[in-house]
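Have a look at the structure below, then the notes.
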Amino acid sequence: MENNPQKYQTLTKQLSPKPPILRNVAVAFVVGGLICMFGQFVQNIFLTYFNFTPETVGNPTVAVMIFIAALLTGLGVYDKLGQFAGAGSAVPVTGFANSITSAAMEHRSEGLVLGVGGNMFKLAGSVIVFGVVAAFFIALIKTLWRMI
């Protein structure tokens, strides 16, 4: 058999199993919705029992969701959920907490500063920079819109 990259690509495409796209979308939608529903439950607890206002309840809610995701990542539960749910577990803030915690756990043998801190913020750095730049441009557009 001759070495032809095009034939190889064609053969690979023919023999590869087709992903169950509809199932993946449905599972991601349901799991992501359940995570968000749990976040709403946590938010309602803060509103009802801890006298937070609707303006201030977001911060403790996000902190609790991040803590729970980091804890479940440390226990190995969130990774199994991610394998099952795909993007449904990766898109909410809990997915970001999972990725940061996973990076920290993976490099803990290299030390706290260079291993955990350095590798944890390799991932977080790009997200933080994107968030700051996006917030700047949104504020700029809002300011220009109000001036008009």
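Numbers for the structure displayed
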item: Prolate/oblate/rounded call for the stretch 20-147, Cα gyration tensor, a/c under 1.5 rounded; result: rounded
item: Dipole magnitude of the chain, debye to nearest 20 (Cβ charges: Lys/Arg +1, Asp/Glu -1, about Cα centre); result: 400
item: Protection proxy ranking of 71-81, 132-142 - average other beta-carbon atoms within 10 Å, highest first; result: 71-81, 132-142
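No lab work stands behind these numbers, since they all come straight from the coordinates. Everything numeric in this text was worked out from a predicted model, so none of it was measured. Backbone-built Cβ (ideal geometry, glycine too); neighbour counts: all protein chains shown.
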